[in-house]
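The values are calculated or read from the model by the stated rules, or taken from the named source; none is laboratory data. These figures come from a predicted structure and were not determined experimentally. Methodologically, a virtual Cβ is constructed for each residue, glycine included, from the backbone with ideal geometry; neighbour enumeration extends over all protein chains shown.
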Amino acid sequence: MIPEALVFTTEVRDYARDFCLARVRDMLRIRRLEERCAQLYGEQKIRGFLHLAIGEEAVAAGVMPNLQPQDNVVATYREHGHALLRGVAMNSIMAEMYGKQEGCSRGHGGSMHLFDRATRFFGGNAIVGGGLPLATGLALADRQLARDGCVTACFFGEGAVAEGAFHESLNLAALWRLPVLFVCENNLYAMGTALARSQASIDLTAKAAACGVAHAHVNGMNVLAVHDAARQAVDKVRSEGAPFFLELHTYRFRAHSMFDAELYRDKEEVDRWKAHGPIHGFTDRLKAAGMMTEADFEALDREAVEEVEAAVRFAEAGTWEPVAQLTRDVLAPA
Ligand SMILES: Cc1ncc(C[n+]2csc(CCOP(=O)(O)OP(=O)(O)O)c2C)c(N)n1
Ligand SMILES: [Mg+2]
């Protein structure tokens, strides 16, 4: 049975000031980290692929505080913020971006393959839809190992709904009642393809409903709406041991990756969304409610910039893996 849509609280006065400032801090840490990564990419300090989630910070900032240390997280190649807010140190993320062995994946993964066992952050996945079966498998493993009450949060873009793995994963999670929170970050585009150009039906929650998975959709630019929806969804998954599909409507302000001429959307559309950006939209409301001053904002921003600069220094001072270790993680038989 599919429940009624969740009812969300987005009134800032319903939340404690400290909680709200912590969410601003979370979003600023992601924003400043990624802006600096873009710059470092231009300087060729960071190479390979780089996908930024600038504009989408409310997703990780809203969902992540609802998870417990024993829970699992699976994400996509647009996952720097997810790793960071899950608790992966900014130093080890930046070192990984540089390809240094002090990075969370020992420099073998780079931007798309952040991984950290200690925080149960199971990647970073370059394959569209690749994280969904992995998440379903992690939840099955928890069931088999009697790790009761654990939730697996699986983040993916709306482009993944075109993959068979999406339907297979939702179906199995529903059939076997596996505790997975499927978080669909619907930013309207899969590279340059708008959803309506690839899907006959753009009602994504209907696709979850087709598998009998409980679902809701919410404004993914509003960190409180995301937090409240995710809190209810996580509680439900944890207590009922069954999957939930949460669709977050969001938007990326930057190009798909560092190679994208953005010919598929108008500048006006991007500007319209920027006017509803997750950071300033929220801080304006906090200021209007007397819960935050410009000085508070500047202090949080300064802290974020300092943390990023310290991470850059850490990565710069890092070391390349010795050639002798090149095949260390190569599993193919000799
Ligand atoms: C199986 C597979 N097909 C195609 C690609 C190439 N590709 C990389 S990102 C992307 C778009 C995915 O869009 P979406 O899932 O909406 O995530 P977003 O990039 O918008 O965060 C595609 C098609 C891929 N990485 N994997
Ligand atoms: Mg997308």
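The criterion of being closer than 21 Å to LEU181 by Cβ and crowded, with 24+ Cβ neighbours inside 10 Å does not hold for ALA141. What do you reckon, is GLU185 surrounded by fewer than 16 Cβ atoms within 10 Å (Cβ to Cβ), at negative phi, acidic (Asp, Glu) and at pLDDT 95 or above? No, not satisfied.
The rows are residues; the columns are (1) surrounded by fewer than 17 Cβ atoms within 10 Å (Cβ to Cβ); (2) modelled with pLDDT of 95 or more.
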| site | (1), (2) |
| --- | --- |
| PHE259 | yes, no |
| GLU269 | yes, yes |
| LYS287 | yes, yes |
| THR293 | yes, yes |
| GLU307 | no, yes |
| VAL312 | no, yes |
| LEU326 | yes, no |
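Suppose the filter is within 16 Å of ligand 1 (Cβ to nearest atom) and touching a residue at least 12 places away in the same chain (Cβ under 8 Å); does HIS80 pass it?
Working: within 16 Å of ligand 1 (Cβ to nearest atom): yes; touching a residue at least 12 places away in the same chain (Cβ under 8 Å): yes.
Considered against the rule, which asks whether it is within 16 Å of ligand 1 (Cβ to nearest atom) and touching a residue at least 12 places away in the same chain (Cβ under 8 Å), HIS80 comes out as yes.
Taking the range 197-209 as the range and being free of Cβ contacts under 8 Å to residues at least 40 places away in the same chain, away from ligand 1 (no atom under 13 Å from the Cβ) and either assigned to a helix (DSSP H, G or I) or surrounded by 17 or more Cβ atoms within 10 Å (Cβ to Cβ) (or both) as the test, the residues that pass are ALA206, ALA208.
Exactly one residue among ARG231, ARG238 is surrounded by fewer than 23 Cβ atoms within 10 Å (Cβ to Cβ) and either within 16 Å of ligand 1 (Cβ to nearest atom) or more than 15 Å from THR136 (Cα to Cα) (or both), and that residue is ARG231.
Yes/no matrix, rows are residues, columns are (1) away from ligand 2 (no atom under 16 Å from the Cβ); (2) of a type in the set (A, V, I, L, M, F, W, C); (3) not in a helix (DSSP H, G or I):
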position	(1), (2), (3)
ASP18	yes, no, no
LEU21	yes, yes, no
ASP26	yes, no, no
ARG32	yes, no, no
LEU40	yes, yes, no
ALA53	no, yes, yes
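Just give me the residues in the range 147-188 being of a type in the set (A, V, I, L, M, F, W, C), assigned to a loop (DSSP other than H, G, I, E, B) and without any contact (Cβ under 8 Å) to a residue 60 or more places away in the chain, in sequence order.
TRP176
Beta carbons closer than 7 Å, at least 6 apart along the sequence or on distinct chains, pair a first residue in the range 315-334 that is within 24 Å of LEU33 (Cα to Cα) with a second that is among the hydroxyl-bearing types (Ser, Thr, Tyr) and surrounded by 10 or more Cβ atoms within 10 Å (Cβ to Cβ) for ALA315/TYR98; GLY318/TYR98.
Close Cβ contacts (under 6 Å, 6 or more residues apart or on different chains) running from residues in the range 236-261 that are in contact (Cβ under 8 Å) with a residue 40 or more places away in the chain to residues that are among the small types (Gly, Ala, Ser) and in a strand (DSSP E or B) comprise PHE244/ALA214; LEU246/ALA216. Looking across PHE8, PHE19, one residue alone is farther than 19 Å from THR319 by Cβ and either β-branched (Val, Ile, Thr) or touching a helix residue (DSSP H, G or I) at 6+ places or on another chain (Cβ under 8 Å) (or both). It is PHE8.
State yes or no: is GLY241 in contact with a Lys or Arg (Cβ under 8 Å, 6 or more places away or on another chain), at positive phi and of a type outside the set (S, T, N, Q)?
Details: in contact with a Lys or Arg (Cβ under 8 Å, 6 or more places away or on another chain): yes; at positive phi: yes; of a type outside the set (S, T, N, Q): yes.
Yes: the conditions hold for GLY241.
Considering the range 154-183, and only residues there that are under 19 Å from the mean Cα position of the chain (by Cα) and more than 16 Å from ligand 1 (Cβ to nearest atom), the residue that is nearest to ALA242 (Cα to Cα) turns out to be PRO179.
Kindly evaluate ALA160 against the criterion of being more than 16 Å from ligand 2 (Cβ to nearest atom) and surrounded by 19 or more Cβ atoms within 10 Å (Cβ to Cβ). Talk me through it step by step, then tell me what you get.
Values: more than 16 Å from ligand 2 (Cβ to nearest atom): no; surrounded by 19 or more Cβ atoms within 10 Å (Cβ to Cβ): yes.
No; evaluated as a whole, the condition is false for this residue.
For ALA255, the conditions (1) away from ligand 2 (no atom under 16 Å from the Cβ); (2) closer than 24 Å to LEU33 by Cβ are fulfilled apart from (1).
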